[in-house]
Each structure stands twice: as C-alpha cells, then as structure tokens.
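Worksheet for the structure shown next.
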Amino acid sequence: MKNIFLSIYLALKEVWRNRGRFLLVSMVIALITLLVLFIAALGEGLGTNNREYISKVDAQLVVFLDKTDYIIGSSRLDDVTLRAVRRVDGVEDAGPLSTSSTAIVLPGDKVLKVSLLGVQAGRPGIPAVISGRSFLTDQAKEVIIDQRVAEQTSIKLGDVILIRSTQGTKDQFFELRVVGISSRQAYLFQPSIFVPAFVWERDRPKSAAEISNLTPAINVIFVKLKDPTQAKVMLQKIQQTVENVQVADIPTTISNIPGYSAQQGTVQTQGFFTLLIGVLVIGGFFQIQILQKVPQIGVLKAIGASNFVVGLASIIQIVFVTAVGVAIGGLLTYLFSLGFPPTVPLYFNGSSSALAIIALLAIGPAGGLVSVFYAVRIEPLKALRLL
Amino acid sequence: MSAVALEVRNVVKTFESDSGTINAVDDVSFIVEHGEFVALVGPSGSGKTTMLSILAALLTPTSGQVLIDGQDLARMSEGQRVGLRRKKIGFTFQSNNLIPFLTAAENVEFMLRLNGKLDKAGKLRSQELLSRLGLSDRLNNLPNQMSGGQQQRVAIARALIHSPTVVLADEPTASLDTERAYQVVKTFAALIHEDQRAGIIVTHDLRMVQYVDRVLQMRDGKLVKVLNDKKEILALAKGE
Ligand SMILES: Nc1ncnc2c1ncn2[C@@H]1O[C@H](COP(=O)(O)OP(=O)(O)O)[C@@H](O)[C@H]1O
Ligand SMILES: [Mg+2]
C-alpha cells in the first residue's frame, strides 16, 4: 500500500512539474479520441440509415428468389410463393415487402426523396406505429410516414401528401392521406413512407412496359415464426418446401444490403488505423521519455526504490495521461455533437462509443508497455556509471 | 552496538572482457567505524567506483564478504538488498544526483518517504539539514534552478536525512570549483562526525583528504597504502 502511494506520488509529481509537455500528449490523445468517436458515430449513422427498417422488422427470416444472393432489390416473388410460405408448418405469419423510391412534393417546389415501401395490412413488414393507426385494408390511399419524414418536413397526421413518381415518360402525382407515423425507419439512406400493397403498385415509378401491370411485384417475404428459437431449422425447412427460394435471417439480410458490409468495413478500418496511430504516438513519446530518464531511474533504484515502485509509477503516468486525453476528447466530441442537425449521419450510440472509449483507454498501456519494461530493467548501477 | 559499521573482508571483483580478465578490485579488506570519515583515493581505473558499488550492494563481489552492521550482504535476497540501500545506506553520485521534478526539500524528504517515515518532524529536519548546508533560500527550487554545488549539497542532505549506517559519496566534488569543493567536503565531514555515521568519500582530488580521518589508497584494484596519521594525511593533501 505504501509502495502504491509512493508510485502515485512520483508519477503525478512528474506530470505536474512537466504539465505543459504532458498536456500536449493528452491533447494529441484527445484529438485521436475525437476522431475515433466520430468515426464510430459515422459508422453507426451510416449503418443505421442503411438498415434501420430491416433491423426493426418484426420477423426472423427473409425469403428471396433463389440465386439472387440475398439482395432485396434483385429478388422478385409472387403471391403463390407468399401463400406457400404461409402454409409451412411453424410459420406464424408472412408478409410481402415491395421496395421502390419516390419523392414527396413539399411547399415551395421542394421535394423529399423517400423509400416507398409496400406492405400488407396486419402482416410482418408493417412498421410499429407510434401515433395514428396502421392500415385497415390493402386498397385505401393511405400512408404511414416514418418519424424522420415528420422531423424533416412539416407533415402531420391527417395531412394529404403529394408524391411524384415517373411512370413511362411522364411524371405522375398521387395523393395519400397520412394515417400513422411510425418509429424511425430509414432504408437505403432515405427516410421511408409505407403504403398498402395495391397502392404501392399504382404509385411507384414504372417503366413504360410496367404501366399496365396491376399485380403488386413482391421483392421479399418477411417470415414471423411461431418459435423464434427455431430460426435455423425453419430456414432450411422453408428452403426445402417452397420452390425456387433462398432464405436468410435478419443479420444476413442486412450484411447483404449492397455496399453495407464494404462501408462498415471501411469505417472500421479507419477507426482501427486511428487507434494504431494513437498507440504509436503514445509508445513513441513514452519511449523517448524513458530514454531521457535512465539516470534518474538509476538514482531512484540506487537509493532504494524497488522495481515495483518504478514500474508502477510508469504505468500510473501512462494511464493518467491517456485517461485525461480521452476525457478531454470525449467532452469535445459531446460539445461538437450538440451542434449537428439531425440529417448528419452521426449517431453516438452508447455501446459503440463505449467500445471506442475502452479501445482508446487501452492504447496508452499498449503503447507504453515497452517503456515500462524498459524502466524496470534499468540497472541501479547506471546511477554511478553514467557520465 | 559495536563500533564497527562496515567491514570488508578479502573482496575480489573480476570482470571478463575481450582483452582478458580484469581484477577491478583485488583482495581488499578494511573496516570503517561509526563516526569515522574515510577517503578512497587512487588514479582513474584503480577500482574505486567498483568498490563503492560493492559496498552499496549494487554489485556482487566475485569473492569475499561485505558486512554492514554485522549483516553479510551476500546472504541477502535482492529484495533485502534494496531494503538495505533504502534504510542503511546514504548515497551521493558524481552527477545526476537529484530527481529532476522534485524540489530541493522534496528530494531530501523523498528519502524519508521511501522509508515510510515522512512526517512533520521529518520535514522540519530536512529543512534544517538543508539550511545547515547553506540552502535555506533554495528549499523550493528545482534541480535545474540550482548550481552544481548546490545540487551536490542537496544530495548530501538526502544521503544523511534517514540516519543511515554508511554514507557513500562518489566524487562529490568533481563538478565544483576548488573553493566550493573544500566547503562541501568540510560540511560533509562535520555531519558524518556529529551523527556518528561511517562515511566513505571517493575522490581523485588529493587536496580533499585534509578533512578525513583515514585515507585508503588504491592502485590496480589493490589497497596499496593506508594513512591513519593526521600529519601524514595533511602532507598528502598538500602534495608533499
Ligand atoms: N562492468 C565492467 N566491465 C568490465 N570492466 C569494468 C567494469 N566496470 C569497471 N571495469 C574496469 O575495472 C577497473 C576499475 O574501474 P573503476 O572501478 O571504475 O575505477 P575508478 O572508479 O577508480 O576509476 C577499470 O579497469 C575498468 O575498466
Ligand atoms: Mg570512478
């Protein structure tokens, strides 16, 4: 115990008497912290904007057309398949998802680009409604808007909105009454609006060949299981019983959203390299410092300070300087984040920030470890032999 | 307590090097009593620093024994030797003596802190000792704000503050001008005598030996001459 206090005394006295130099290192760590937290938030933001709807859907499995590599946009299914899936033993319910995108016409010639998602009333795929109500039929010209749409426009419950879709060569306009507002449901970097299946077929952008088409094209089918713990077994079962389909769970579906994995990988690589720079900066600083301190450490040991005291003092110093840097960086990040509009895809999610902070706190000891070993191994004889 | 503080019995230290075996210390024996101030002199390379390192338990002799307060250093574990340096030995080095981020007072107090004995009385004694060494206006100065001589005097205070049995000083005057050097060694000698420590000062500057009780002359690792007589010592100091 006495030794621990001695180490703390040595470590902190040195920091205090050289506070300018140590603060500089802490500031470098603070900037690295800022960078790492922003990269983590960007990864979270981009990821969320891409997958939010899929990750919140009330289903365990997703059915795709066979050989479409689990890409929602490439998959085309029909009503026959939907009914076949519903008949599989163990399936509680199944609902179709039709995807497209359109634009809401706003006052002043502005538009808001949104994902236009076609779903069936009361079936999996319908988002949770936080105000208003869900659909009662698949025919009514109604729309559920994502909370993000409400945040970015002045659209309210009960309003009639105008959407614009290009069909053939002409711009067509459709009116829809807002009956519900869902939780946030971004999909493919756009906020979403939900319409019943038949309305989706009528309102979506179409090529000239598709104009006479009346049967809604289904992209994928969401499957809700009676027993969610049986997802693996049911995945195989549906693939075997229903013809010409491939089935994935939700995480697989998300990782196959085009660009999703590559993007997350890129962001993670950036974060990793930033941490690595941190390790090298700290390692370099403390290594140079320890080389300058050889005589001083020799004297300490020669007058009777143990290796434990000297080593622990080094560790305390590194941890302290790192912690101060991370704390300053965390505070800076928080202050900056207050100033961002909701459209900036930076989400400071608790668990990913916590993970980043743990990684940041670890870079000090990781970088400084070599110098601690070096300090412990300095011979007290150095005090007599040097110079 | 017996009058003997430090006993060296037939100590040999050899180093293996490319050019063969070097007998840095070659069968040296001597005794230093409490209250005795001894100078270890000899030309460069004669084995003085090696001898001092062995006395401080920083270096293990190839053969022979060193006893401090009757305890054989060779029979101690490394941990016990660290403890011995902390409690029973006071040390000043040729240079880089002080902890650079501690003030003069803190450097002296640190020795008590190391021994878990720093209290109000200890702080007061540190200040008194520094005043005694002419540093009362330098208590809160960092080492880089003091001259080499002032730093040496702080180091002397640190070597004495924890009431060690043996006080070892390696070339304490090397970085000082002659006047300062005399003054430092004189105060050092006075404190050794007052507090009944066993003091050993290593120096190649023979003029400094006028303040010591005994001179041990080394050459090629051997103890070639011992001067006990004050007249002889003064003659040596005057270069006669
Ligand atoms: N670690 C060592 N390895 C090899 N030779 C050494 C070592 N330390 C000292 N010596 C040799 O031992 C002899 C005595 O050195 P030293 O004790 O430093 O003498 P002094 O302090 O009197 O100048 C010298 O010849 C020196 O080169
Ligand atoms: Mg020497």
Leading residue by the ranking (nearest to residue A:307 (Cα to Cα)) among those in the stretch B:73-112 that are at the interface with chain A (Cβ under 7 Å from one of its Cβ atoms), away from ligand 2 (no atom under 16 Å from the Cβ) and open to solvent by 40 Å² or more (accessible area, probe 1.4 Å)
B:86
Restricting attention to the stretch B:29-44, and to residues there that are aliphatic (A, V, I, L, M) and either closer than 19 Å to residue B:159 by Cα or more than 12 Å from ligand 1 (Cβ to nearest atom) (or both), which single residue is surrounded by the fewest Cβ atoms within 10 Å (Cβ to Cβ)?
B:31
Of these, B:124, B:135, B:118, B:191, which one is of a type in the set (A, V, I, L, M), surrounded by fewer than 24 Cβ atoms within 10 Å (Cβ to Cβ) and either at pLDDT 95 or above or within 16 Å of ligand 1 (Cβ to nearest atom) (or both)?
B:124
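Which ranges mark the helices (runs of 4 or more DSSP H) fully within the stretch A:277-387 that have 3 or more residues being open to solvent by 60 Å² or more (accessible area, probe 1.4 Å), in contact (Cβ under 8 Å) with a residue 12 or more places away in the chain and away from every other protein chain (no Cβ under 14 Å)?
A:307-338, A:350-377
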Of the residues in the stretch A:149-185, those that are of a type in the set (Ser, Thr, Tyr) and either part of a strand (DSSP E or B) or not assigned by TED's automatic domain parsing to the domain that holds residue A:130 (or both) come to A:165, A:166, A:182
Screening B:184, B:167 for residues that are more than 15 Å from ligand 2 (Cβ to nearest atom), crowded, with 19+ Cβ neighbours inside 10 Å and modelled with pLDDT under 95 leaves only B:184
Restricting attention to the stretch A:172-199, which residues are within 18 Å of residue A:73 (Cα to Cα) and over 29 Å from the mean Cα position of the chain (by Cα)?
A:197
Given (1) of a type in the set (S, T, N, Q); (2) part of a helix (DSSP H, G or I); (3) open to solvent by 10 Å² or more (accessible area, probe 1.4 Å), identify the lone condition not met by residue A:246.
(2)
Residue among B:70, B:47 that is buried (at least 20 other Cβ atoms within 10 Å of the Cβ) and either more than 14 Å from chain A (Cβ to nearest Cβ) or within 16 Å of ligand 2 (Cβ to nearest atom) (or both)
B:47
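The values are calculated or read from the model by the stated rules, or taken from the named source; none is laboratory data. It should be emphasised that the depicted structure is a prediction, and the values quoted were computed from it without experimental measurement. Note: ideal-geometry Cβ built from the backbone for every residue, glycine included; neighbour counts use all protein chains shown. All accessible areas refer to the heavy atoms of the entire protein, side chains included, with ligands and DNA or RNA removed. Shrake-Rupley method; radii C 1.70, N 1.55, O 1.52, S 1.80 Å.
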